[in-house]
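Nothing in this text is a laboratory measurement; each read-out follows from the coordinates by a stated rule. Values in this document were obtained by computation on a predicted structure and should not be read as measured data. Cβ atoms come from the backbone with ideal geometry, glycine included; neighbour counts cover every protein chain shown.
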Amino acid sequence: MMDGGEADDKIIAVLQNDPLFGDVEDIHELPDALIERLRHYFLTYKLIPGSENKVSIGAAYGYEHAKVVIQAAMDDYETEYGISN
C-alpha cells in the first residue's frame, strides 16, 4: 500500500484459535469478497470528504512476504533506537 507517496505496509493477522479464521495461514486462503472489503477499508479509512485520495493498493502478498516486512521493520527499529530483543 502507498499512502501519500510512502510505503505503508499492512499485516493481516488472526488469532490462532479464532473460530472462523483460526486455520487460515495465508491471505490467499481468504474469500475474495473479504479481501475486497479489506482493500476498500484501507483505501477509505483516512479519506476526508472532498479531498484527494492519496492511497493506492497493489497486489496482496502472502505469509512469506509478511515475514520479510516484519523482519525489516524490526531491523529498522533496532537501528533507530538501538534496542533488540
Label point distance in nm, Ala59-Ile11, each placed 7 Å from Cα along Cα→Cβ: 2.2 nm
Quarter of the Cα convex hull surface for the range 20-59, i.e. its orientation-mean projected area (nm²): 3.7 nm²
Average silhouette area of the chain, convex hull of alpha-carbon atoms, in square nanometres: 7.6 nm²
Size of charge dipole - the chain - debye, nearest 20, with Cβ of Lys, Arg +1 and Asp, Glu -1, no other charges: 380 debye
Two-site label geometry, Leu34 and Met2: point separation in nm, points 7 Å out along Cα→Cβ: 2.9 nm
